[in-house]
Every structure is written in C-alpha cells, then in structure tokens.
Amino acid sequence: MESIIYLISHVVFSSLRVLFLAVEEKVVKTDCAMCYHSCGLNVYVRNGKIVKVEGMPEHPLNQGEICPRAQAIPSFVYSPDRLKYPMERKDGGWKRITWDEALDKIAAKLNEIKEKYGPEALAAFCGSVGVENLELSTFAHEFLAAYGSPNFISVESICFRARILARMITFGMYPVEEPEKAQCVVLWGHNPDSSNMPLARYLHKAADNGSVKLIVIDPRRIPLAKKGLHLQIKPGTDCFLALAALNVIINEGFYDDEFVDKWTVGFDKLKEHVKNYSPEKVEEICGVPSSDIKKFARIYATTKPACIVQGINTLDQSINGIQNSRALSILQTITGNIQVPGGWTRVPRLRFGIKLALVGKPMGADEYPLFYQIWGRTAAFGQAMVFPDLAISSKPYPIKALIVTGGNPALTMPESGKVREAIKKLDFLVVMDLFMSETAELANIVLPACSFLEKTGIAYDYGVCHGMPYVLLRKKAIEPLWECWPEWKFWTELGRKMGYGERFPWKTDEDVINYQLEGTGITLEQLKAEPSGFFFTPKEYGVKGFGTPSGKVELYSETLEKHGYDPLPTPRESPYPPFGDTEITKEYPLILTTGARVLEYTHTQMRNIPQLRARVPDPLAEIHPSTASKYGITDGETVIVETRKGRIKIKVKHSEDILPDVISIPHGWEQANVNFLTDIEARDPISGYPELKALRCRIKKIS
Ligand SMILES: Nc1nc2c(c(=O)[nH]1)N[C@H]1C(S)=C(S)[C@@H](COP(=O)(O)OP(=O)(O)OC[C@H]3O[C@@H](n4cnc5c(=O)[nH]c(N)nc54)[C@H](O)[C@@H]3O)O[C@H]1N2
Ligand SMILES: Nc1nc2c(c(=O)[nH]1)N[C@H]1C(S)=C(S)[C@@H](COP(=O)(O)OP(=O)(O)OC[C@H]3O[C@@H](n4cnc5c(=O)[nH]c(N)nc54)[C@H](O)[C@@H]3O)O[C@H]1N2
Ligand code: SF4
Ligand SMILES: [Mo]
C-alpha cells in the first residue's frame, strides 16, 4: 500500500515538476506606447504570451499607475481584429499575399510612378504612432531620401510642432512646462484627467493638499476646474484673454522688470499694444467677467513660481494658433517664469541620428515657410493640410502615391470629405497598421505591423512632453505575432528591392537602435543595464542667453514681421467668428469645439477593445441643458449637427459643465466623424494648422 502511495505521489510530483519547469515567466520593464506619455510598464509574460500589465513603480512619470488603455494591452495585442498578413485589394475584396509579393508590387508601382511623374509624386504620412515611434518616422525619411522625394508629411502638421515653432520664434529654443515644482498652475485648454494621466494624478493631490493654486481656462468645467479658479472662456477667444491678462499685469506693475530689462526686446511696443485689450472690453468677447480676468492675472503674476500648462493642441489648432502660443510665452516671460524651477525651462535632449529627407522643398514649404524652416534650420516637414488640394488638382505637380504608417488620416485630418476625395484620386495607397483602419480600407495594399511589444525600440521623448531628460529602452516582450513586421524591416526590404540596398544595411532591431543612438553618447548596453530607464543629465536653470536673432526673448518678433505676420500677438478675424452678429453666426448659432480627449481611447484607436468600448460605447456631443431645451432635445437623443462643410448624426449628452451655446464633439469615431464638419481651408497663416476648436454649427432634431 505504502509503495503504491509512494508511486502515485512520485508520479504526481514529477509531472508537476515537468509542468512547473515548462512554465517560463518573465517581467519585462518597458514603456507604454498606447499614447505618447510613455508611462513605465511591467509586462508579465508567461510562455511567450503577455498575461498582465502593471505600472512600473519606480518610473518617475507614472510611478506605478496606468490608465484603462494600458490595462487593456493584452486584449489590444491579441485582438482577433489584428491584421495578420499582407493583403492586396482585388475584385472589390482583399486577397492574402506574401510579404515578398507585396514588396514586389509596391516596388514596381513606385518605379512606374517615379518614371512617369517624378519622385515628388510619392508622399509618406506618419500619424501619431508614426511620430511617437522614432523608428517609424526615421525610416519613412530614409526611404524618401533614397527615392528622391521631399514629401514627408505627418500628424505634426496638426499637432505639437506649432507650439514648438511659436516658442522657437519667441525664445530661440523650446522651453517645457514644469508644473510639479510650481506654486501656481494655469491649465489653459488642457484637461489632464482625459489626456494626461500622470499630470492629473499629481495635480489632484497637490490641489487637495493646498500646495498649488489652480487656475483653469476652459469652456467646460473639467474635474480640476472644481478645485481652483475657473474662467469659462468662449472657444476661440484665448488670444484676447491673454492680452487682457498682460494688460492687467503691466498696468498694475506686477511684471518682473529686472528680467524684462535684461532679457527681452519689444516691451514698450507690447505695453502700447495691450492697452487695446482692457479686461472690460475683453469680457464682452470671451464671456469671462473682467473681475475674474483681473483675479487670474494677479494670482498668476504674484505667485512664484507659476506655470501655464498650455493645452497640447487646443490653442494651436486655431486660426490664431501661433499668436495664442506667443501670448502665453510672453505671459511666462514678463512674470519672470522662464528658466526657473516650476516655470518653463529648456530641457537637454538626445539628438537621435535621424537623417531627414533633405531632397528639396516639401509640399507647403512656400505657403508656410516658418513651419518648414526657421533660421536656416530645416525641419523637413511638409504641411499635410495642403495635401488634399495638391492630390486633387495636381498643381503645381501631381501626388500619385502615399504610404501611411501609424496614422489614420481619413478620419483624423480635417474635412474628411475632401481628404477622402484626395486619397481616392491617388494611383496607389499603401497602409501599414495593426488594424484595418478607415484609411487602410481605402488602400491598394495593407501591411501588418508589429505592436510595440513585439520589437525593441526607444521610448518616446520624455524631454519634449514632460521636461524630463530621461531615456528608456522599449523592450520586446514577445516575438512578432502572425506575419507582422516592424516598420524598419518593411522600409529596409523595400529599399533593397528598389536597388537602394547600400542605404539600408540594418538586419535587426538592435542594429536600428545603435544607428539611432549614434552621436547621443548613450549606448545600447547602458540602456540594457538600466531596464527602468535613467536620467542622462541634470536639468539646468538660469539664463545664459536665448537663441533668437537678438539673443533675447522676442516679445516683439522681427522674424514674424519680416515674413509679413503680426510681430505682436494680435487675434485675427476667423471665418467662423466665436462672437459678434454676422451672417454666419446667425445661420450657425452654436460654437463647435472638437477633439476633447476621452481617457479610454487614443484618437481613432481602441474602439474595438471590448472592455474599453463597454466604458464608452458611443460618441457623445456635449451641450448645456439650456441650449438643448432651446431645440427641444432630450439627454441621449440622436440629432443632426451641421456646418458649412457637412453633417453628422450624433447622440447628445446634457452637461451642466459646458458653456451654453457651445457644443463639444470628440474626434476619432467613424460613425459620427466630426471631421466631416471641419474645414481644412480655415488655417493659421503662420503654421498652417487648421481651426478645430472654434467653428460654427447648428443642430436639428431628426424628424
Ligand atoms: N486619452 C487620450 N489622451 C490623449 C490623446 C487621446 O487621443 N486620448 N491624444 C494625445 C494627443 S496626440 C494630444 S495632441 C493631446 C491633446 O491634449 P489637449 O489638446 O490638451 O486636449 P484635452 O486635454 O482634451 O483638453 C482640451 C480642453 O480644451 C477645452 N477647449 C476646447 N476649446 C477651447 C478653447 O477654444 N479655448 C480653451 N481655453 N479651451 C478649449 C476643452 O473643453 C478641453 O477640456 O492629448 C494626448 N493625450
Ligand atoms: N477634429 C479634430 N481632429 C483631430 C484632432 C482634434 O482635436 N479635433 N486632433 C488631432 C491630433 S492632435 C492628432 S495627434 C491626430 C491623430 O491622428 P492619427 O495619428 O491619424 O490617429 P490615430 O488614431 O492615432 O492613428 C494611429 C494609427 O496607427 C495604428 N497603429 C498603432 N500602433 C501602430 C504601430 O506600431 N505601427 C503602425 N504602423 N501602426 C500602428 C493605429 O491602429 C491607428 O490606425 O488627430 C488629429 N485630428
Ligand atoms: S497615459 Fe495611459 S495610455 Fe498613455 S502612456 Fe500612460 S498608461 Fe499608457
Ligand atoms: Mo496630437
């Protein structure tokens, strides 16, 4: 009996041991690429499969916390909707092809187009994922340079680069906000609870324990507005408000005269200019009581240090984009909040070895010369807003092929009607994506991309968005799924097929990283040795000078003047005026603001992830109950929203938190695509950025 028991237990024990040994578990320390914040992650992998994702406690940004999108990573990576192999459009449907066939077909078509129309007839577009993954934009540039086309266009024609440009014009450098060390934080068109989880986390704590004074400038009473002074501004009137605040600060002598004397040019002209913008006059335009404008200006100017956190895009995606950003830069400057802890500071950055496609002028360079180039430094970015006209008219030259990686422009670029018409006019569209996006659906060839956990790379730049000189290796957690490839491999193999082999020597992820790290002083070995990442240099405060032509902060900008733009922030009249009594305001009585972020989704992504969709099942247009009652519209009712450009059907959500007569519609939903309502021609004359935050619309009941 005993021996039988022994035998059984031996067998059970040994099989358990075999089972146990077969289970291979590891924790991969990496970052989250579900949006550009790049929060630190611990990814749990069992037997080559991601089983769980947690925040990395030691990461300086998110300190262990993650948002619902990161929690959904396993469902995202293993989604049944993933593109699994290359496909070609055939007879109205999709036909599976091999990578080799796909590359042969693309190479043949690109050769044909080059021969017939010249190399500039090919453009490459990188979307949000495309610019936030160094690899994607690096290789698009590499390929275009080899092919001979200057036409690199990206989401930066609509996102982030305009604020960089405005600060470059003003400071000759790009200083970054440092709200964590500020005593006063002004959230200007930015709702961290939806779009910036790490900052929301910090600000709620700081506001609750009284260590920061909060001021919120937003047409919606966002969660943090309830913890500070809220200026419920009418969309599109920010430049006026900033000028009124400057008026108060200068009139009441709250500016830092020592800093102004030593480090700025144009103060006298500014002083004269802001006389036209008294709080009383601006109250009529912005809808913010003059007493609140004064209160804001006084708190902001007298609490040190103070930090305006400028909405990532709210102020840029405006007819007055560059001037808005300039006005905020000037506020930070004259209050002495530049190059001090808790203000705006230049952050040392790693210059990764990207070779830009410098093979002539890209599209839009003549219309938006500063966007393309400032003080001889070539950005090598085309302005994507000119793409639809160029593709439709073929003037001054035709665009016949487009390769899209990490973006979904059919849904995210303004005026989707026109963008889709332009895409349909192309002879050839290739889209590399994880999913069959709305843009991929229009393609001739779709290519399956690896997710960020299936390859090794470098985490997105913590300097430019968070002011942290920090670097982290984005590590491969699992092998590429199905037939998915990293982008570098696609561009490299295509380059080889087209006879550019010498320019495409890379064979592995690590070769690519070594190439990108060239000249940074950082090595792959160092990155591997510090799996949680590290600060590569300390931050430096104090002023040594500014890189502008005058060597000072240019309150009055001669660069702008020389190019025929307003040298001082001056709001221009919009084709969609947010105030006043004109034909269009009568015809379209409501102000439409678009693209307020939703925590569960990044742009057009993740609607197909069940646990996220369950949290936010539908696109919702937010309006005040008093506005809704004017039209007899109940909470949850589906209505028609109409602009001069188009109409969509969308469900209404009543909210006491939004300014009356304003309607806020998120972007990224195909079933209620707000970009059918936007206008790609309504642009900031300096950056070319479209107006997305203050349009005119009307709503109708569905009868
Ligand atoms: N969850 C999530 N996070 C994201 C993204 C995402 O898609 N999803 N996208 C990322 C990207 S690429 C970007 S660019 C950023 C965008 O980040 P931001 O541009 O900062 O967008 P939000 O944080 O949504 O804040 C916009 C706020 O501006 C207000 N607003 C609207 N019109 C006006 C106006 O005319 N004036 C003022 N003062 N306020 C106005 C809105 O009510 C809203 O509360 O978010 C990033 N983070
Ligand atoms: N009306 C209005 N429109 C807006 C805005 C607004 O506020 N209002 N905001 C604008 C802003 S700020 C931005 S940044 C843009 C964003 O615009 P886009 O960048 O065009 O939008 P995304 O949905 O982020 O597109 C990313 C695509 O990349 C795919 N993808 C994900 N990971 C990978 C990968 O590793 N490799 C590849 N090849 N593909 C991958 C996704 O599936 C998705 O299809 O939208 C803009 N559009
Ligand atoms: S905010 Fe969320 S989605 Fe964005 S990087 Fe952090 S955890 Fe990922
Ligand atoms: Mo963006």
| task | Please give the length that would be gained between D261 and K701 if that part of the chain were fully extended, namely 0.36 nm times their separation in residues minus their C-alpha to C-alpha distance (nm, one decimal). | result | 152.6 nm
| task | Could you pull out the pairs from K90/K475; K90/K400; K400/K475 whose alpha carbons sit more than 27 Å apart here? | result | K90/K475; K400/K475
| message | Taking every DSSP beta bridge with both residues inside segment 583-701, roughly what % is antiparallel (nearest 5)? | response | 65
| All lysines inside 19 Å of K275 as judged from Cα atoms, apart from same-chain residues fewer than 8 positions distant | K294, K295
| request: Mind putting a number on the dipole of segment 661-703 about its Cα centre? Charges go on the C-beta only, +1 for Lys and Arg and -1 for Asp and Glu, and I need it in Debye to the nearest 20. | output: 260
| said: With a cut-off of 8 Å between alpha carbons and a minimum separation of six or more residues, what is the relative contact order of segment 175-345 in percent? | reply: 35
| said: Using the Karplus curve 6.51 cos²θ - 1.76 cosθ + 1.60 with θ = phi - 60°, what ³J(HN,Hα) values do you get for each residue of segment 588-601, in whole Hz, with x for Gly and Pro? | reply: 10, x, 9, 8, 9, 10, 10, x, 4, 6, 10, 4, 6, 10
| said: Compute the angle between helix 197-208 and the longest alpha-carbon principal axis of the chain, please, reported from 0 to 90 degrees and rounded to the nearest 10. | reply: 50
| Carbon and sulfur: what percent of segment 146-200's accessible surface (1.4 Å probe)? | 50
| query | Once amide H atoms are placed 1.01 Å from N in the peptide plane, what residues at a sequence separation of 5 or more from H230, or on another chain, have their amide H within under 5 Å of its amide H? | reply | V216
| Which percentage, to the nearest 5, of the DSSP beta bridges contained in the chain is antiparallel? | 50
| request: Report the calculated FRET efficiency for R496 and K90 (r = Cβ-Cβ distance, R0 = 41 Å), to the nearest 0.05. | output: 0.95
| query | To the nearest 10 degrees, how steep is helix 161-171 against the longest Cα principal axis of the chain, on a 0 to 90 scale? | reply | 50
| note | Total charge of the residues flanking R46 in space, meaning their Cβ is under 10 Å from its Cβ, with Lys and Arg +1 and Asp and Glu -1, is +1
| Placed amide H near K52: partners under 5 Å, 5+ positions off or other chain | Y44
| field | Residues listed by number, segment 230-247, amide nitrogen under 11 Å from K281 label point at 7 Å toward C-beta | value | 244
| query | Between rounded, prolate and oblate, where does segment 409-500 land on the alpha carbon gyration tensor, with a ≥ b ≥ c its root eigenvalues, rounded for a/c under 1.5, else prolate if a/b exceeds b/c? | reply | oblate
| Just how large is the dipole of segment 583-701 about the Cα centre, in debye to the nearest 20, putting +1 at every Lys and Arg Cβ and -1 at every Asp and Glu Cβ? | 300
| message | What number comes out for accessible area per residue over segment 190-231 if the probe is 1.4 Å? Units Å², please. | response | 36
| Protein-only accessible surface order, largest first, of S394, S154 at 1.4 Å | S394, S154
| How much of the DSSP beta bridge set in segment 175-345 is antiparallel, as a percent to the nearest 5? | 10
| field | segment 585-703: Rg to Rh, with Rh as the Kirkwood radius over Cα pairs | value | 0.97
| request: Note down the relative contact order for the chain as a percent, whole number, built from C-alpha pairs under 8 angstrom at least six residues apart. | output: 19
| field | Of all accessible heavy-atom area on segment 583-701, the percent that carbon and sulfur account for (1.4 Å) | value | 52
| note | Listed by chain and number, the residues whose amide H is under 5 Å from that of I663, excluding neighbours fewer than 5 places away on the same chain and using placed H, are I591, L592, T593
| remark: Between K52 and R613, Cβ-based FRET efficiency (R0 22 Å, step 0.05) works out to 0.60
| query | When the accessible area of segment 389-518 is computed with all protein chains present and a 1.4 Å probe, what percentage of it is carbon and sulfur? | reply | 49
| said: Counting only other residues whose beta carbon sits under 11 Å from that of A72, what net charge do I get with K and R as +1, D and E as -1? | reply: +2
| message | Let's test the formula: R0 of 60 Å, r as the Cβ-Cβ distance of K226 and D104. What FRET efficiency results, to the nearest 0.05? | response | 0.50
| task | For segment 551-567, just list the computed ³J(HN,Hα) in residue order, Karplus coefficients 6.51, -1.76 and 1.60, θ = phi - 60°, integers in Hz, with x standing in for Gly and Pro. | result | x, 10, 6, 8, 4, 9, 9, 6, 4, 5, 4, 4, 8, x, 9, 5, x
| How large is the accessible surface per residue of segment 583-701, computed with a 1.4 Å probe and reported in Å² as a whole number? | 37
| What is the dipole size for the chain, taken about its Cα centre, with +1 at each Lys and Arg Cβ and -1 at each Asp and Glu Cβ, in debye to the nearest 20? | 520
| said: Rolling a 1.4 angstrom probe over the protein chains, ignoring ligands and nucleic acids, what is the accessible area of T537 in square angstrom, nearest 10? | reply: 50
| task | Choose one of L229, A306, S278: the residue whose Cα lies farthest towards the positive end of the charge dipole of segment 175-345 (beta-carbon charges +1 Lys, Arg; -1 Asp, Glu; about the Cα centre). | result | L229
| message | Tell me the angle of helix 321-334 to the major Cα principal axis of the chain, expressed in degrees between 0 and 90 and rounded to the nearest ten. | response | 70
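The values are calculated or read from the model by the stated rules, or taken from the named source; none is laboratory data. Note that this is a predicted model, so its numbers are computed, not measured. Positions of Cβ are backbone-derived with ideal geometry, glycine not excepted, and every protein chain shown enters the neighbour counts. SASA here: full protein model, heavy atoms, side chains in, ligands and nucleic acids out. Shrake-Rupley method; radii C 1.70, N 1.55, O 1.52, S 1.80 Å.
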